[in-house]
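Q: Mind looking over this structure? Questions follow.
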Amino acid sequence: MLIMKKVISLLVILIGFSASAQDKKWSLQECVEHALENNISILQSDLNVDLADIDKSQAVSDFFPNLNGNSSYNRNTGANINPATNQFENETFKSMSASINSSVNLSSGLRNWKNLQRAKLNQLAASYQLDKMKDDIALFVANSYLQILFNKEQLKVLNTQNDITKENINRTQELVDAGVLPEGDLLEIKATDATQLQQIIDAENALFISKLGLAQLLKVQEYESFDIEETDISLFSESILSEKPTVIIEKAKEELNDIKIAESNYELARKDLEIAKTSNFPTLAGFLGYNTRWSSSSLDITTGEQIPFIDQLYLFDGTALGLQLNVPVFNRNSVKNNIKRSRINVENNKYLLEQANLDLESNVYQAYNDASSSKKAYEAALKTEEARSLAFNYAQERYNVGLSNSFDYNQSRSQFENAQSDVVRTKFDYIFKLKVLEFYFGIPITELN
């Protein structure tokens, strides 16, 4: 009995957990955070940051001396040089040699130092690229989120319109039965009902597709149960429009990564030019080596017996210590041409930086004008809806008492429904364009009001 109670309790917990998982409604904040953690493009950008970290670690390690060891074992036949005695011997013998060497770069025109500086710049550029990718994904998620909200609002409008149509079917049926209206008016409204039902089906499909798109963006597998919170966006902030475009531009230059990326690419190009110039300087390296040898034919001249292995290692060992200077004289103009290419790359990135600033200014002005125009379109749609609502109510009253025909009534109804749809469309268009403008100003995109 105790075991059965535990099983039942476990089943209740699992069922409750499954139900809560299916009923989960995603907020915009949750969608953005989940996308930033799971989106493939962001994960790839994160790997680029790791690669930049490795490059920096390698640039630091280039300051250290290297250390390498090697050894060889040979079986020699015929005339060969005995590595222990350095004499030609025409007999079969075995030999072994081993060495360990170390070298350090003493001077190379500060190449290692400049490589380290470049690695740090590249590390910063990679982080800017990652941040930009996160910004782009967050903006895309917000757009997808608003698209779902728009489709939901559109579906609500269509369902409300169809409810009105069904009520009119009942009233028209009564008027037809009373002989006030002809049978054709009833058939016309029933045709309208069928058309609206088809529109509802299309709207439901559009809503599912928009949910599916966001779920795939978030890499959520439960497509059928995926849904977002019912967000009240009847009130939303318009304060960003009170800011001047020039103020938004200056703020955008501080907040957005586009300019930072262009600046870092320009600095990288300048550093590449400095590195290319170091090839004109001599390089000086210090080296230290130790080596030893053994041969099976090495004999003690006093006894004629083979010298023991360990004794040979001590007897035939040696060291090497010195400096190596390399002076570039003529390298088929490769250094000269590399410097020229680097200079051109610097100029190109300089122009790209200037273009990035111009593009940002243009984009902010465009976003500001788009938001302002969207506001006017939304306000005009609200006024139109109000006027069409009054006109439709008047047409419906006349139709209900038989003072208007079905054609005039349907015309007024269609215009009112179009006005309602325009309000929903212009509202969400306005909200998204406000969010884009706020994005340029550095306001987080995870809040809708």
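Q: I need to check one value: relative contact order of the stretch 63-153, counting alpha carbon pairs closer than 8 Å and at least 6 residues apart, in percent.
A: Rounded, it is 25 percent for the stretch 63-153.
Q: How large is the dipole of the stretch 241-377 about the Cα centre if only Lys and Arg carry +1 and Asp and Glu carry -1, each at its Cβ, rounded to the nearest 20 debye?
A: 700
Q: Counting pairs of alpha carbon atoms under 8 Å apart in space and at least six apart in sequence, what relative contact order in percent does the chain give?
A: The normalised contact order for the chain reaches 23 percent.
Q: Then there's this: Relative to the first principal axis of the alpha-carbon coordinates of the chain, what is the inclination of helix 111-177, with its axis defined by its Cα atoms, in degrees from 0 to 90 and to the nearest 10?
A: 20
Q: Now for a different question. At a Förster distance of 51 Å, what's the computed FRET efficiency of residue 176 paired with residue 237, Cβ-Cβ distance as r, to 0.05?
A: 0.50
Q: Please name whichever of 213, 192, 176 sits farthest to the positive end of the charge dipole of the stretch 164-229, dipole taken about the Cα centre and charges placed at Cβ: Lys and Arg +1, Asp and Glu -1.
A: 213
Q: What distance in nm separates the simple spin-label points at residue 376 and residue 81, each placed 7 Å from Cα in the Cβ direction?
A: If labels sit at residue 376 and residue 81, their model points lie 9.1 nm apart.
Q: If you filter the stretch 218-300 for GluC sites (Glu not before Pro), then keep DSSP loop positions with at most 16 other Cβ within 10 Å, what is left?
A: Those that pass, being in a loop and sparsely packed, are 222, 224, 229, 230, 238, 243.
Q: Continuing with the same structure: Determine, from the Cβ-Cβ distance of residue 73 and residue 329 and an R0 of 35 Å, the FRET efficiency 1/(1 + (r/R0)^6), rounded to the nearest 0.05.
A: Step by step, r from the Cβ atoms, then E = 0.30.
Q: Shifting gears a bit: Give me the one-decimal nm value for the distance between modelled label points at residue 355 and residue 302, 7 Å along each residue's Cα-to-Cβ direction.
A: Going by the 7 Å Cα→Cβ label model, 8.3 nm.
Q: How big is the dipole moment of the chain about its Cα centre under a simple scheme where the beta carbon of each Lys and Arg is +1, that of each Asp and Glu is -1, and everything else is neutral? Debye, nearest 20, please.
A: It works out to roughly 2000 debye.
Q: Return the single residue from 308, 282, 65 with maximal mean-square fluctuation; model: Gaussian network over the chain, springs between Cα atoms under 10 Å.
A: Residue with maximal mean-square fluctuation among 308, 282, 65: 308.
Q: Run the quick spin-label model on residue 36 and residue 319: label points 7 Å from Cα toward the beta carbon, then report their separation in nm to one decimal.
A: Label at residue 36, label at residue 319, 5.8 nm between them.
Q: State the extension gain, in nm to one decimal, for the chain segment bounded by residue 63 and residue 397, taking 0.36 nm per residue of separation less the distance between their alpha-carbons.
A: So the chain would gain 111.3 nm between residue 63 and residue 397.
Q: With a 10 Å cut-off between alpha carbons and a GNM built on the chain, which of 404, 295, 61 moves the most?
A: Evaluated over the chain, the most mobile residue of the options is 295.
Q: Quick one: putting +1 on the C-beta of Lys and Arg, -1 on the C-beta of Asp and Glu, what dipole do you get for the stretch 112-244 around its Cα centre, in Debye to the nearest 20?
A: 1460
Q: So if R0 is 22 Å, what FRET efficiency would residue 103 and residue 54 give, r being the distance between their Cβ atoms, rounded to the nearest 0.05?
A: After rounding to 0.05, the efficiency reads 0.40.
Q: Can I ask one more? Sorting 236, 441 on the 10 Å Cβ count, fewest up front, what's the list?
A: Ranking 236, 441 by Cβ neighbours within 10 Å, fewest first, gives 236, 441.
Q: Suppose the chain between residue 415 and residue 191 were pulled fully straight at 0.36 nm per residue; how much longer would it get relative to their current alpha carbon spacing?
A: 79.0 nm
Just so you know, all these numbers are worked out from the coordinates, no wet-lab data involved. Please read these numbers as outputs of a predicted model, since none were measured by experiment. Don't worry about glycine lacking a Cβ; one is built from the backbone with ideal geometry, like all the others, and counts go over all protein chains shown.
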